[in-house]
């Protein structure tokens, strides 16, 4: 399942009484929701595909209406669930662009030293920042810049970086 689908959002609440969903987007381009025709979500313990009847951006979230989700009770069953799209229907990426869900969980190395695992991506506006957590649960913030990220191996789940001087205190 994981390799065939991409997470694009998370249902954070219901909206109104007619089954509309409030979705927190997990994508660098929120306008992609304008073009979604189908999404997949875990509904009552089963992965189910839904036709998107409408979606609109509202206060940083997406209000989405799905076929077959017609009441607040129906919508409540999706609360807390991730919203997926099939990878084959995903937007085309430019060179050196990656889907966040492909990066999260990746081991991050500087030369042969394991720095930790990439746990999250912060979108700051100017450039993304990778949050890497080591075995002691300490976090390292790594700027997602071409001068820092030397290589990304999606299949091997490995990122090679060259940290800027002073990013880590060598004690």
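The values are calculated or read from the model by the stated rules, or taken from the named source; none is laboratory data. Just so it is clear, the structure is predicted and the values come from calculations on it, not from any experiment. Quick reminder, even Gly has a Cβ in these numbers, built from the backbone with ideal geometry, and neighbours come from all protein chains shown.
Structure summary
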read-out: Wholly within segment 41-110, strands (runs of 3 or more DSSP E) carrying at least 3 residues that are under 21 Å from residue 6 (Cβ atoms) and either in contact with a strand residue (DSSP E or B) (Cβ under 7 Å, 6 or more places away or on another chain) or assigned by TED's automatic domain parsing to the domain that holds residue 13 (or both); value: 46-58, 61-66, 82-86
read-out: Count of residues meeting criterion [touching a residue at least 40 places away in the same chain (Cβ under 8 Å) and over 17 Å from the mean Cα position of the chain (by Cα)] in segment 59-78; value: 12
read-out: Residue satisfying condition, being crowded, with 20+ Cβ neighbours inside 10 Å and either outside the structural domain of residue 144 (by TED's automatic domain parsing) or modelled with pLDDT under 95 (or both), within set 7, 23; value: 23
read-out: Those residues of segment 129-148 which are in contact with a strand residue (DSSP E or B) (Cβ under 9 Å, 6 or more places away or on another chain) and either closer than 11 Å to residue 110 by Cβ or touching a residue at least 40 places away in the same chain (Cβ under 8 Å) (or both), in sequence order; value: 132, 140, 142, 148
read-out: Lone qualifier among 39, 108 - being in contact (Cβ under 8 Å) with a residue 40 or more places away in the chain, surrounded by 13 or more Cβ atoms within 10 Å (Cβ to Cβ) and within 27 Å of residue 142 (Cα to Cα); value: 108
read-out: Residues that are at pLDDT 90 or above and under 18 Å from the mean Cα position of the chain (by Cα), drawn from segment 26-46; value: 38, 39, 40, 41, 42
